[in-house]
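Report on the structure given below.
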Amino acid sequence: MQQSVLDRALDCVVGALATTVELDGIALHRAPEAGRRQLADPMYEFSSTVPSGVRLEMLTDAAEVELVARFTEALPLGETPSGSVLDLVVDGELREPVVVREENLIFHDPATEDVRLQPADPARVRLALGSAGRERRVEIWLPVSRGFRLVDVRIPAGATVRPAPPSGPVWVHHGSSISQCAEADRPTATWPAAVARAAGRSLVNLALAGECHLDPFVARTLRDLPAAAISLELGINVLNGDSMRERAFVPAFHGFLDTIREGRPDTPILVVTPIVCPAAETRPGPTLLGSDGVVRTVDRPAVLADGALTLTRIRALLTRHVEARRADGDERLHVVDGTTLFGPDDVADLPDGLHPNTAGYARIAARFLPVAFGAEGVLRGALRAP
């Protein structure tokens, strides 16, 4: 016999900003409520429910935990679903990934823009933990590229569950799809998750694909979160969407930092400039995905390129203005060149010209870890969560 522990399990959710009760289950949101309300964009709302970096961290003496959940995969018409992947960590040991085949499927036809939904019943995912009666620390890392609704959490009758202590000081990261890492083959293989686990930090990953545009509501969220360290992977979405020119980008960047500093005046912040994207190094956006699956920029008359941003220019601007703020006294603000994390020599692991694969994300993690959290890491300044 099993007992529902949904309310107690929700107290164990880490890495989400909020939960909302929907008709098909409980959504775990990574986007600020103000942004979801202001933008009123269905894609932004969907991206908010993709739980990259979100996990349940619990102490339980149960022999198994059953998740009842709805997973939603969106894919082009004709492609074969790959399944949703979860990770299970028991007392620090990473188990084999768990693949869930019962998914809602959203097929879209790029030629006609038609969309077809193939619904499925909620999946029941049983996770074996070990023998009953001994309390363990259990982490259940949720998918990085699927919509997700939690319906129920069940454990054997008589077993207990409660929130686990934090895994370390809170590290809040904001960025683009390159930090959401939908291409990673398992939830703990995103570069922020790999860094957090290696560094003993409690990750809050606020990176949403296509949605890193120096939005004021994100800055207010970062200002108000209890972060011991903050990192910001900035620039690529501004170019992808051609959403700003230099005149707007520079003050937007300063305003974003000013807002964060209103509430986190002493928190170390690391700005990460864009990793390599060959098509956009010296050409401005917007970018489009070609029929060959590779990202390219759009041709435009030279007169329209005045003030437009290339990746080379974005890196120079971010570096210059971080250094200017440091000279003005903000010595806990730092910058790292994204091409030192993933550069021209790494493009073999950049299949679409924009997003690294799992091996590429592992390389970013290995290079970011010492910069941020090594012995001389710039984000080590606050060793306890405030």
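Yes or no: Arg320 without any contact (Cβ under 8 Å) to a residue 60 or more places away in the chain and either under 20 Å from Pro187 (Cα atoms) or surrounded by 14 or more Cβ atoms within 10 Å (Cβ to Cβ) (or both)? The answer is no for Arg320. Within segment 101-151, if we keep just the residues that are at pLDDT 95 or above and among the β-branched types (Val, Ile, Thr), the residue that is nearest to the chain's Cα centre (by Cα) turns out to be Val144.
Determine, yes or no, whether Leu6 is closer than 21 Å to Asp224 by Cβ, touching a strand residue (DSSP E or B) at 6+ places or on another chain (Cβ under 9 Å) and at pLDDT 95 or above.
On the way: closer than 21 Å to Asp224 by Cβ: no; touching a strand residue (DSSP E or B) at 6+ places or on another chain (Cβ under 9 Å): yes; at pLDDT 95 or above: yes.
Criteria not met by Leu6.
Residues being touching a His at 6+ places or on another chain (Cβ under 7 Å) and open to solvent by less than 60 Å² (accessible area, probe 1.4 Å) are represented in segment 47-54 by at least one member. Where helices (runs of 4 or more DSSP H) fall entirely within segment 1-79, those with at least 2 residues that are among the polar types (S, T, N, Q) are at 42-48. Note on segment 108-152: residues that are within 21 Å of Asp24 (Cα to Cα) and either open to solvent by 20 Å² or more (accessible area, probe 1.4 Å) or of a type outside the set (A, V, I, L, M, F, W, C) (or both) amount to 17.
Filtered by the rule that a residue be in a helix (DSSP H, G or I) and under 22 Å from Pro278 (Cα atoms), segment 315-344 gives Arg315, Ala316, Leu317, Leu318, Thr319, Gly338, Thr339, Thr340, Leu341, Pro344.
Screening the candidates Leu289, Leu341 for the property of being in contact (Cβ under 8 Å) with a residue 12 or more places away in the chain and open to solvent by 70 Å² or more (accessible area, probe 1.4 Å) yields one hit, Leu289. One residue alone among Pro370, Pro301 is within 27 Å of Ala228 (Cβ to Cβ), without any contact (Cβ under 8 Å) to a residue 60 or more places away in the chain and open to solvent by 50 Å² or more (accessible area, probe 1.4 Å), and that residue is Pro370.
Within segment 80-99, the set of residues being outside any loop (DSSP other than H, G, I, E, B), touching a residue at least 24 places away in the same chain (Cβ under 8 Å) and closer than 17 Å to Ala182 by Cα comprises Ser84, Val85, Leu86, Asp87, Val98. The sole residue among Val250, Val298, Val303 that is among the aliphatic types (A, V, I, L, M) and at pLDDT 95 or above is Val250.
Within segment 226-256, take every residue that is polar (S, T, N, Q) and part of a helix (DSSP H, G or I) and give me the one that is most open to solvent (accessible area, probe 1.4 Å). By that ranking, first place goes to Asn240. Where strands (runs of 3 or more DSSP E) fall entirely within segment 149-225, those with at least 2 residues that are β-branched (Val, Ile, Thr) are at 170-174. For segment 166-196, the set of residues classified as out of contact with any strand residue (DSSP E or B) (no Cβ under 8 Å at 6 or more places or on another chain) and not hydrophobic (A, V, I, L, M, F, W, C) consists of Ser177, Glu183, listed by residue number.
For segment 131-139, indicate whether the set of residues that are closer than 26 Å to Leu23 by Cβ and out of contact with any Cys (no Cβ under 8 Å at 6 or more places or on another chain) is non-empty. Within segment 131-139, not a single residue is closer than 26 Å to Leu23 by Cβ and out of contact with any Cys (no Cβ under 8 Å at 6 or more places or on another chain).
The set of residues from segment 158-203 being closer than 16 Å to Leu17 by Cβ and open to solvent by 20 Å² or more (accessible area, probe 1.4 Å) comprises just one member, Val170.
The values are calculated or read from the model by the stated rules, or taken from the named source; none is laboratory data. Since this is a predicted model, take the numbers as computed values, not measurements. With ideal geometry, Cβ positions are generated from the backbone for all residues, glycine too; neighbour counts draw on all protein chains shown. With ligands, DNA and RNA removed, areas are computed over all heavy atoms of the protein, side chains included. Shrake-Rupley method; radii C 1.70, N 1.55, O 1.52, S 1.80 Å.
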